[in-house]
Amino acid sequence: MASLQQEQTAARAGNGSVATATPTIDVTNPATGEVIAQVPDLGREQVAEMARLGRAAQPGWEALGFEGRGRVLLRMQRWVMDNADRVIRTIVSETGKTYEDAQLAEVNYAANAFGFWPRNAEEYLAEERVKTANVMLKGKKLVLRYRPVGLVGVIGPWNYPLTNGFGDCVPALAAGNSVLLKPSSVTPLTSLLLAEGLRECGLPEHVLQVATGSGGGTGGAVIDEVDMVMFTGSTETGKKVMAQAAERVTPVSLELGGKDPLIVLSDADLERAANAAAYYGLFNTGQTCISVERVYVEAPVYDEFVAKLTDKVRGLRNQPSTGPGTSEVGSLTSPPQVDIVEQHVRDAVDKGARVLVGGHRPERPGLWYEPTVLADVDHSMLCMTEETFGPTLPVMKVADTEEAVRLANDSPYGLSASVFSKDVARGEAVARRIEAGAVCVNDAVTNYLALELPMGGWKASGLGSRHGAGGIRKYTKQQSLLVSRFHTKRELYMFPYTPRMTRLIGRFQKLLYGRGKRD
Ligand code: NDP
């Protein structure tokens, strides 16, 4: 059990500030049920000390400029590739996901991000000269600039410890901030390993620190210390994070739950739609905020689509991933998930749904649930209305496109969606009617790979976004500058007021704004 991660933990968590008496949290391999490491459960004082160290290190990091910071982050891109197998195996060991899920949706994302943000940060955060149409300000220089907020707190989830925890640190660092990262206590090892990598790549001490520990305890302490919070997780916890951050008027960016629909129109390529539903619904064992969570199929093609999907899901291997190509669907990651999945399936069956494949917990240690296809579902069932976050694909027959759109939008969430049709214009027209922050046509999820494209939720799915200019500007404070270069000793409207000048200003205002078209 004494592991590499334990050594890393002792050496790295809190950057040496962890007292020996610090309580610890067990890290378990959810695919086997074995405890594989322990990490410190850091308390308020330890987090406060880390925040102090992070703040002290930030000005030096900012002073390196985009180029200097970029050098470190680009070295890290190389490090991720050089250490890909080690990173993948660490992710697999603490999440139970397959080798391929860790390779494609985590290592691939991180390697891309370590290149993208340093290459684009300067352009996204460049000072802008602003022109104004207001004649009162003619001749004055107007500038919009972005300054790092200082210390960013990233609170990460357990479903993607690299992509959604560490990945959010990359633009924050590129913008010149120090970062305090609180990974989920379920999956802290990936963050500790990556923090070590950044250190090897020359990141100055304390610029990025990993605060391991529990949600409300360590996570709550992080919120109270930082200048901005980037949170990924459930809507319920997101609300708590927002409420706590409001106490100090700390800005937050929230990436929360989703119940992402996939619509199959009657003219869709059913083979592609079924492959996409199976893959994007079940990769990462369905524990992806933007994974396909519910499927609506127009009546004329419902039976054929369901048959194809069932066929594809039946052939999937649901077993521990011991290396490349050994399993398609891994274990669940967080203990409560198995109960949630089981509850949603049982509820659907009780209300008349048919289980076409799966529908059980396999008899083995660890957190397992079979990939499951549910037919004849409707919106009276939890599996169609609440986030399941597991390997289930409920498929509902709809009369027509109108019903599909209405039901897709009948959700408190609005994170992601997809529409399948061979008529691309029709597919896009339907996509534009879906209430979600990102919609794909004849595809799903892959918008997440375009780091140029903002990604964020509507409704209860979040606030703010990842990626694109907004994905790095959120880690900055805007500052507007007005510089008066050519001026008289006194503007005409300044004190003292006189009747003549007030009348003159009134006439001037009429001249400026009084000539609008009247109906
Ligand atoms: P949470 O939202 O509770 O956890 C996300 C992160 O927040 C973790 O690091 C957690 O720490 C931390 N945290 C928990 N409570 C607090 C708090 N009061 N203050 C600050 N940080 C806190 O996720 P759950 O594990 O409870 O998952 C519940 C549901 O959320 C899932 O079933 C799924 O539906 C959804 N979910 C959505 C995700 C997404 O990508 N949008 C990701 C994960 C879950 P710790 O883990 O140590 O408790």
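The values are calculated or read from the model by the stated rules, or taken from the named source; none is laboratory data. All values reported here derive from a predicted model rather than from experimental measurement. Reconstructed Cβ throughout: ideal geometry from the backbone, glycine too, with neighbour counts over all protein chains shown. For the accessible areas, the whole protein counts, side chains as well, though only heavy atoms, and no ligand, DNA or RNA atoms are used. Shrake-Rupley method; radii C 1.70, N 1.55, O 1.52, S 1.80 Å.
Taking Leu73, is it touching a His at 6+ places or on another chain (Cβ under 6 Å), farther than 15 Å from Leu189 by Cα and either at pLDDT 95 or above or open to solvent by 10 Å² or more (accessible area, probe 1.4 Å) (or both)? For Leu73, the condition - touching a His at 6+ places or on another chain (Cβ under 6 Å), farther than 15 Å from Leu189 by Cα and either at pLDDT 95 or above or open to solvent by 10 Å² or more (accessible area, probe 1.4 Å) (or both) - is not met.
Residues are listed down the side, and each one gets a yes or a no for (1) open to solvent by 30 Å² or more (accessible area, probe 1.4 Å); (2) closer than 22 Å to Glu402 by Cβ; (3) modelled with pLDDT of 95 or more; (4) not in a strand (DSSP E or B):
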position	(1), (2), (3), (4)
Lys422	yes, yes, yes, yes
Gly427	no, yes, yes, yes
Glu435	yes, yes, yes, yes
Asn447	no, no, yes, yes
Leu451	no, no, yes, yes
Lys477	yes, no, yes, no
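If you go through segment 128-135 one residue at a time, do you hit one that is more than 14 Å from the ligand (Cβ to nearest atom), more than 19 Å from Pro30 (Cα to Cα) and assigned to a helix (DSSP H, G or I)? Yes, segment 128-135 contains at least one residue that is more than 14 Å from the ligand (Cβ to nearest atom), more than 19 Å from Pro30 (Cα to Cα) and assigned to a helix (DSSP H, G or I). Every residue in segment 388-418 that is farther than 14 Å from Lys459 by Cα, in contact with a Gly (Cβ under 8 Å, 6 or more places away or on another chain) and not in a strand (DSSP E or B), please. Within segment 388-418, Thr388, Phe389, Gly390, Pro391 qualify. Restricting Thr237, Thr187, Thr212 to those that are at pLDDT 95 or above and either closer than 17 Å to Gly456 by Cα or open to solvent by 10 Å² or more (accessible area, probe 1.4 Å) (or both) reduces the list to Thr237. Picking from residues in segment 255-277 that are within 16 Å of the ligand (Cβ to nearest atom) and among the charged types (D, E, K, R), the one that is farthest from Arg294 (Cα to Cα) is Glu255.
Against the test of being closer than 22 Å to Gly54 by Cα and not in a strand (DSSP E or B), the options Gly220, Gly281, Gly238 yield a single qualifying residue, Gly220.
Out of the residues in segment 136-169 meeting the condition of being assigned to a helix (DSSP H, G or I) and of a type in the set (A, V, I, L, M, F, W, C), tell me which one is farthest from the ligand (Cβ to nearest atom).
Narrowing segment 136-169 to residues assigned to a helix (DSSP H, G or I): 136-137, 161-169.
So of that shortlist, the ones also of a type in the set (A, V, I, L, M, F, W, C) come out as 136-137, 162, 166, 169.
Working: Met136: 47, Leu137: 44, Leu162: 13, Phe166: 12, Cys169: 14 Å.
In this case the residue turns out to be Met136.
Every residue, every condition in (1) touching a Ser or Thr at 6+ places or on another chain (Cβ under 6 Å); (2) within 30 Å of Ala221 (Cβ to Cβ); (3) surrounded by 12 or more Cβ atoms within 10 Å (Cβ to Cβ), yes or no:
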{"position": "Thr132", "(1), (2), (3)": "no, no, no"}
{"position": "Leu137", "(1), (2), (3)": "no, no, yes"}
{"position": "Lys140", "(1), (2), (3)": "yes, no, yes"}
{"position": "Ile155", "(1), (2), (3)": "no, yes, yes"}
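Results for (1) in contact with a Phe, Trp or Tyr (Cβ under 6 Å, 6 or more places away or on another chain); (2) among the small types (Gly, Ala, Ser); (3) more than 9 Å from the ligand (Cβ to nearest atom), shown as yes or no for each residue.
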residue: Ser178; (1), (2), (3): no, yes, yes
residue: Thr187; (1), (2), (3): yes, no, no
residue: Leu203; (1), (2), (3): no, no, yes
residue: Ser214; (1), (2), (3): no, yes, no
residue: Gln244; (1), (2), (3): no, no, no
residue: Val252; (1), (2), (3): no, no, yes
